[in-house]
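Heads up, the thing below is written out as structure tokens.
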Amino acid sequence: MAESRQTYQQIQSRLNNGETTSEKLALQYIEKINKSDLNAFITVLDERALDKAREVDRKIQSGSAGPLAGMVVAVKDIFSMNKVRTTCGSKILSSYIAPYDAHVVSLLEKADAVIVGKTNMDEFGMGSSTENSAYGSVKNPHDPDRIPGGSSGGSAAAVAADLAMTALGSDTGGSVRQPAALCGIAGLRPTYGRISRYGLIAFASSLDTVGLFSQFVSDCADLLQVLAGEDGNDSTSSPVAVPDYHENIEQGIKGLRVGVPEEYFRGGLDSSIRESVQNVLQAMEKEGAVLQPIKLPMTDYGIATYYLICTAEASSNLARYDAVKYGFRASDIQDLDQMYLDSRHDGFGDEVKRRIMLGTYVLSAGYYDAYYIKAQKCRTLIQQDFKKAFEDCDVIIGPTTPTTAFKLGEKVDDPMSMYLSDIYTVTAPLAGLPAISIPIGKDDSNLPIGIQITSDAFQEDLLFRVANWIETSNP
Ligand code: GLN
């Protein structure tokens, strides 16, 4: 798959010198999507994509095409798209047609990318395997009996199987990096506030970010270049200037201080993943990077802190699905209370209900101090851990996931063990930091292994530089 693939820049020059057309490319991708049995898409936007592709071809002819001209992009079904069904993986939004475009959708289209469809996902972004979708599980392209990771599993599977060149996902606690690792592609969670979330359906608002998937690191930089920046429609989007993400991407890693947290290499980590990550670290040292053992002592509290905060916020965010204004409404309703109860009972899946209950509980008057406030204090300590670590290093490197892709069905009845698969990905979001996962090889069962690079806020350019070195030198 990957071997024969070309970076977007290569494709762009083929488009510009007339070797291919945007329409041809879009058609090829749509055909592949229709043949695929991964269940990666909830909605395929074939007509809309072909119309856009023809427009892009005209613009290429006239020399007015945007920076992502002809890039075939899949978009997680958590992003609103004007006049397009937007389900968020839920039955409660099964008939919801969004009345506006998410900011990132507008930016993609303005840059002349071709959006080919809406991808499958865990309901409202809650899950680590894409088995919590009301539209069926997604299969991992490397082994159809295994999960692709989640919650953006459809986007990750689509890029890994070359059903799209790149894709958008969302990352609250790992939903881009974890599926990227398990599907063998690159996945970036940018700094909180780097990309506007206008039109991204909310799960946990203090953690949610737009995330990017690509086969190649440079494609990810191309995407971020277009999507990063302040937006008047999202007051949490940041005014920090957007750098040129390609400027230093080839600069290498000599002299770079690499923090290696001892807490990331303990029990529960597959030995094949430990070995692969250590090999890369050794190669980096050989190249002139300085390995710096560091401590992130709050790592052990990451999962508990994350699941208390995200459920609290989810219980509040999901109160809007009341069957009054939009979305699924149960039938045979006698009164208002029954309408709320039956619609939410039938419209939400088990995991969403579990989180609404847990979140309501931790926010309740009697338990607020014991759980919610405690979690907020832990969150501050986690932030301080990173702050201290970044005094001694430029980036932090470790595994993205404790295991490679597990079997479909293996963890569905054991939420705790499912939650534990996020152990390495939840702390960066709690601290608002950016992190990228890129593939570094396969285990004995030929399943992809990911490495995670974390930096201080707004240093995505540094993440790309390190990731690009690892990708191109292939240690
Ligand atoms: N797996 C995590 C969860 O279930 C992360 C989800 C996400 O990042 N959207 O909450």
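The values are calculated or read from the model by the stated rules, or taken from the named source; none is laboratory data. Note that this is a predicted model, so its numbers are computed, not measured. So basically every Cβ, Gly included, is an ideal-geometry build from the backbone, and we count neighbours across all protein chains shown. Side chains included, ligands, DNA and RNA excluded: accessible areas come from the protein's heavy atoms. Shrake-Rupley method; radii C 1.70, N 1.55, O 1.52, S 1.80 Å.
Quick notes
- Of the residues Val240, Val362, the one with the largest accessible area comes first in the ranking Val240, Val362, computed with a 1.4 Å probe on protein heavy atoms.
- Solvent accessible area, Å² - Ser235, 1.4 Å probe, full protein context: 120 Å²
- Label point distance in nm, Asp414-Ala365, each placed 7 Å from Cα along Cα→Cβ: 4.0 nm
- Contour excess over end-to-end distance, with Cα ends at Ala319 and Asn233 and 0.36 nm allotted per residue: 28.8 nm
- With protein chains left intact and a 1.4 Å probe, residues in the chain average 38 Å² of accessible area per residue.
- Accessible surface of region 135-200, 1.4 Å probe: 43 percent of it comes from carbon and sulfur atoms.
- Protein-only accessible surface order, largest first, of Asp461, Asp414 at 1.4 Å: Asp414, Asp461
- Theoretical FRET efficiency, 1/(1+(r/R0)^6), r = Cβ-Cβ of Arg266 and Glu287, R0 30 Å, to 0.05: 0.70
- Anchor Lys254: lysines whose Cα lies under 29 Å away (excluding residues fewer than 8 positions away in-chain): Lys286, Lys295, Lys387, Lys388, Lys442
- Under the combined filter of DSSP loop state and at most 13 neighbouring Cβ atoms within 10 Å, region 301-382 retains these trypsin sites (Lys or Arg not before Pro): Lys325.
- Relative contact order, whole percent, for the chain stands at 17, derived from Cα pairs under 8 Å and 6 or more residues apart.
- For the pair Asn17 and Ser62, label points projected 7 Å from Cα toward Cβ lie 2.6 nm apart.
- Accessible surface, 1.4 Å probe, highest first, among residues Asp219, Asp322: Asp322, Asp219
- Set of lysines near Lys110 by C-alpha distance (under 22 Å), chain-local residues within fewer than 8 positions excluded: Lys24, Lys52, Lys59, Lys76, Lys83, Lys118
- Potential lengthening between Ser95 and Lys32 on full extension [0.36 nm per residue; Cα-Cα distance subtracted]: 20.1 nm
- Alpha-carbon Debye profile of region 110-263, log10 I(q)/I(0) at 0.10, 0.13, 0.18, 0.21 Å⁻¹: -0.37, -0.62, -1.12, -1.36
- Computed accessible area, Ile333, all protein chains, 1.4 angstrom probe, square angstrom: 60 Å²
- Net charge contributed by nearby residues that have their C-beta within less than 10 Å of Ala428 (K/R +1, D/E -1): +1
- For region 153-187 and region 242-321, distance of Cα centres in Å: 17 Å
- Exposed loop sites, defined as GluC sites (Glu not before Pro) outside DSSP H, G, I, E and B with at most 13 other Cβ atoms within 10 Å, are absent from the longest region of the chain, namely 20-246.
- Cross-link partners of Lys411 among aspartates and glutamates (Cα-Cα below 19 Å; sequence separation of 8 or more within a chain): Asp122, Glu123, Glu131, Asp143, Asp145, Asp270, Asp350, Glu351, Asp422
- Label-to-label distance for Asp350 and Asp143 is 2.4 nm, based on points extended 7 Å past Cα in the beta-carbon direction.
- Segment Gln6..Glu275, full-extension length gain: 93.9 nm, with 0.36 nm per residue of separation and the alpha-carbon distance subtracted.
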